[in-house]
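Structure first, then comments.
Where a number appears in this text, it was derived from the coordinates with a stated rule and is not lab data. In this text, all values refer to a predicted model and were calculated from it rather than measured experimentally. Virtual Cβ from ideal backbone geometry, glycine too; neighbours counted across all protein chains shown.
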Amino acid sequence: MSKDKGVTRSSYRSGPKLEAVLELLTLCGSLRQRSSHYELLEAVRILAPSSVKVTAYAGLADLPPFNPDRETEPIPEVLAFRALLERSSAALISSPEYAHGIPGALKNALDWTVGSGEFVDKPVVLLNTSPRATHAHAQLEEVLNTMNARVLREAFVTVNLLGSGLNASGIAAHPEHSRVLKTMLERLLDVLAL
């Protein structure tokens, strides 16, 4: 587990030592503990190949409200978030939809990176836990495109977890859910290998 502020889990899968390890940063748009979005991103961590380090960002609630007047101040929580993004090979975002929109805490985090540019050319994959939640997903895509992120639509996935009660291990063990997530990872890794 990493000691960086705002990081909950970081793991290298066991396997042969590799020259380079790809780093994926997961961002859960929900502040709820153990939300279905959190569990989905944790399932990605479980299913990731040994050549991939997956780090979950857990500092969303710690970021102060975005203020352009403070954008260049050395705010520790903001600097830690930006550093995690900077060193990651790609970002995976799973977020709920509130009132047909992006949750405020997630939008706030994205706003802190507009001027500093950590998302510029950063490969990003969006994951969804409900086929009914389409507005926030579309808004996230629009915001990320505006920030010049490298939005990888070909790797977007929806894993229907509505009413399933599955935790990360259950999602990873589920034949269809794990197949969808492994395919997403393969597509992402193919893009990163180019």
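Quickly estimate the mean residue ellipticity at 222 nm for the chain, helices only: each DSSP H run with n ≥ 4 gives -39500 (n - 2.57), and the total goes over all residues, rounded to 500. All intermediate terms of the calculation are to be shown ahead of the outcome.
Details: 6 runs with 69 residues, N = 194.
Taken over the chain, the calculation gives -11000 deg cm²/dmol.
Multiplying the sequence separation of LYS182 and ALA61 by 0.36 nm and subtracting their Cα-Cα distance, what value in nm do you get?
Working: separation 121, 0.36 × 121 = 43.56 nm, distance 2.94 nm.
Length gained, LYS182 through ALA61: 40.6 nm.
Nearest 20 debye, what's the magnitude of the dipole of the chain about its Cα centre given +1 on Lys and Arg Cβ and -1 on Asp and Glu Cβ? Kindly include the intermediate steps, with their values, before the conclusion.
On the way: 20 positive and 21 negative charges, 127 e Å.
Value, rounded to 20: 600 debye.
Which order do GLU142, GLU176, GLU42, GLU71 fall in if you start with the one that has the fewest other Cβ atoms within 10 Å? If you can, show how the numbers build up before the last one.
Details: GLU142 12, GLU176 9, GLU42 22, GLU71 15.
In increasing order of surrounding Cβ atoms, one gets GLU176, GLU142, GLU71, GLU42.
Starting from the Cα-Cα distance between PHE156 and ARG87, subtract it from 0.36 nm times their residue separation and give me the gain in nm to one decimal. Provide the component values of the computation, followed by the final result.
Working: separation 69, 0.36 × 69 = 24.84 nm, distance 2.20 nm.
Between PHE156 and ARG87, full extension yields 22.6 nm more.
PRE reach from GLU71 (point 7 Å along Cα→Cβ): which of segment 133-172 fall under 16 Å by backbone N?
Counting backbone N atoms under 16 Å from the label point, the list is 144, 146-149.
Treat the count of other C-beta atoms within 10 Å as a stand-in for reagent exposure and order HIS100, HIS177, HIS135, HIS37 from fewest to most.
On the way: HIS100 11, HIS177 21, HIS135 14, HIS37 25.
The fewest-first ordering by Cβ neighbours comes to HIS100, HIS135, HIS177, HIS37.
Could you give P(r) for segment 15-95, binned at 10 Å from zero, as whole percent values over all Cα-Cα pairs?
17, 42, 30, 10, 1
So for the chain, if I pair up every lysine 8 or more residues apart or on another chain, how many of those pairs have alpha-carbons under 20 Å apart? If you can, show how the numbers build up before the last one.
Working: LYS3/LYS53; LYS5/LYS53; LYS5/LYS107; LYS17/LYS53; LYS53/LYS122; LYS53/LYS182; LYS107/LYS122.
Pairs that pass both the separation and distance tests number 7.
Spelling out what I want: for every residue of segment 54-68, take phi, set θ = phi - 60°, compute 6.51 cos²θ - 1.76 cosθ + 1.60 (Karplus), and round to whole Hz; glycine and proline get x.
10, 10, 9, 7, 10, x, 3, 6, 8, 6, x, x, 5, 9, x
Could you give the semi-axes, largest first, of the ellipsoid that matches segment 60-138, computed as the square roots of 5 times the alpha carbon gyration tensor eigenvalues and rounded to whole Å?
Values: eigenvalues 109, 48, 19 Å².
Ellipsoid semi-axes (Å, largest first): 23, 15, 10.
Within the chain, what percent of beta bridges assigned by DSSP are antiparallel, to the nearest 5?
Working: 6 of 25 bridges.
So the antiparallel bridges amount to about 25 percent of the total.
Quick one: which residues, 5 or more positions from LEU24 or on another chain, have an amide H under 5 Å from its amide H? H modelled 1.01 Å from N in the peptide plane, none for Pro or chain starts.
Here the answer is LYS53, VAL54, THR55, SER89, since their amide H atoms fall under 5 Å of that of LEU24.
Along segment 154-170, what does the Karplus equation 6.51 cos²θ - 1.76 cosθ + 1.60 (θ = phi - 60°) give for ³J(HN,Hα), rounded to whole Hz, x for Gly and Pro?
Each residue of segment 154-170 in turn: 5, 10, 4, 9, 10, 10, 6, 9, 3, x, 7, x, 6, 8, 4, 5, x Hz.
Over 22 Å apart: what share of the alpha carbon pairs of the chain falls there, rounded to a whole percent?
On the way: 8122 of 18721 pairs.
I get 43 percent for the Cα pairs in the chain exceeding 22 Å.
Give me, ordered by chain and number, the residues 5 or more places off ARG150 or on other chains with an amide H under 5 Å from its own placed amide H.
ASP121, LYS122, VAL124
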